[in-house]
Amino acid sequence: MVPLPLTGGCQCGALRYEIRQAPLMAYNCHCTNCQRIGGGAFSTPITVLEAAFAFAQGEPRTFEWTSDSGTRRFGWLCGTCGGRIAHGGTPSIGVLSVRSGTLDDTSWVEPVGDIWTRSAQPWALSSDRIGYDRQPTDYTPFVERFRKQGRFAV
């Protein structure tokens, strides 16, 4: 079992955070925003309840954009090194997508699905994961598959 709280931070260490409840899921996002922000083919966020996330050190810089689905989003990043930590909906939807690479321990992160596969690099997809060509309206299959991994006490 993965112990809680989960901890993490930006590259330079100015921003640190804690997650006090088990994540709901881990997935790969292939949207064009994630590709541009991270400079890679996709990002691998974990979804957490917004109430379970707190910055333990530093103040994030906030920015907003319109996602590929047309919704307003906000993101938190380090004002010093530019490391992106998490993003959520505007207005709040109660959950955050935390960049899993910012966790102190990433050994347990295994994505259960892929979203925005229509903008994915073909070599980045796996038939072993759930896939949606856009933003799904129901993440229940992701949450159920993530729970079956058994990494957190539920």
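Every number in this text was worked out from the coordinates using simple rules, so none of it is lab data. Model, not experiment: these values are computed from the prediction. Quick reminder, even Gly has a Cβ in these numbers, built from the backbone with ideal geometry, and neighbours come from all protein chains shown.
Assorted remarks:
- Neighbour counts of other Cβ atoms within 10 Å put SER127, SER119 in the fewest-to-most order SER127, SER119.
- Think of each Lys and Arg Cβ as +1 and each Asp and Glu Cβ as -1; about the Cα centre, that makes the dipole of the stretch 9-134 roughly 320 debye.
- The stretch 14-87 versus the stretch 125-153: alpha-carbon centroid distance in Å: 18 Å
- Percent of alpha-carbon pairs separated by more than 19 Å within the stretch 9-134: 47 percent
- Ranking of VAL95, VAL48 by count of other Cβ atoms within 10 Å, fewest first: VAL95, VAL48
- With contacts taken as Cα pairs under 8 Å and at least 6 residues apart, the stretch 49-91 reaches a relative contact order of 29 percent.
- Considering only SER97, GLN35, ALA14, the residue lying farthest towards the positive end of the dipole of the chain is GLN35, judged by Cα position with unit charges set on Cβ.
- Value of [θ]222 nm, deg cm²/dmol, for the chain, DSSP H segments ≥ 4, -39500 (n - 2.57) each, nearest 500: -3000 deg cm²/dmol
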